[in-house]
Amino acid sequence: MARYVGILRDLREEAMTTFVADPRLYGSAERFLQLAIETTLSIGHHLIAARGLEQAGTYAAVFEILGRAGVLDAEFAEELVPMARLRNRLVHVYADVEPGRIHETLKEHLDDFDRFAAAVTRYLDDLDEGAPDEGQVADSDIGP
């Protein structure tokens, strides 16, 4: 994901007028944005499966479930829901995606990917800290 976001950071530096006039710029941005979103969703699906959480019926639900489970801050999870919807537009209604909207997304929401990665890392670190070391028995493994 970091590679995709790095490329998107370069693309967001383009002036809006240059960006929307050049299909190579906005086409690249659309693709790398789709890949970054797909990566967050894939990570989310893996966490949902690994933790035995409710299954997501939609891509937007992935973020909502992660918010309810405490993987993501609930408010941040809701902020990510439009990303899932944008993914759907990029994949299914790609001819109607406005290059200006893509540029605005890069300007306003690119840091959301860093926040997502940090939140997942924190969550996994917290799980590791709560797990017994190899060869040790957790208190919950000891009977009454």
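When each of H46, H109, H103 is scored by the number of other beta-carbon atoms lying within 10 Å, the sequence from fewest to most is H46, H109, H103.
Within the set [x] 78, 50, 34; [y] 58, 32, 24; [z] 70, 28, 22, the number that Cα extents along the principal axes in Å takes when calculated for this structure is listed as [z]. Counting Lys and Arg as +1 and Asp and Glu as -1 over every other residue whose Cβ lies under 10 Å from the Cβ of E104, the net charge comes to +1.
Please give me, ordered by residue number, the GluC sites (Glu not before Pro) of region 1-70 that lie in loop per DSSP and have at most 16 other Cβ atoms within 10 Å. Intermediate results must be reported in sequence, preceding the final value.
Numbers: sites: E13, E14, E30, E38, E54, E64; in loops: E13, E14, E54.
Those that pass, being in a loop and sparsely packed, are E13, E54.
For region 45-105 versus region 26-40, the inter-centroid distance based on Cα atoms is 13 Å.
With a cut-off of 11 Å between beta carbons, the residues surrounding L80 carry a summed charge of -3, where Lys and Arg count +1 and Asp and Glu -1.
Near E54: Cβ cut-off under 11 Å, other residues only, Lys/Arg at +1 and Asp/Glu at -1. The net charge is +1.
Read-outs: derived from the displayed coordinates by stated rules, not from any lab. Given the structure is predicted, the values throughout are model-derived calculations rather than measurements. When we count neighbours, we look across all protein chains shown, and the Cβ atoms used for this are built from the backbone with ideal geometry, even at glycine.
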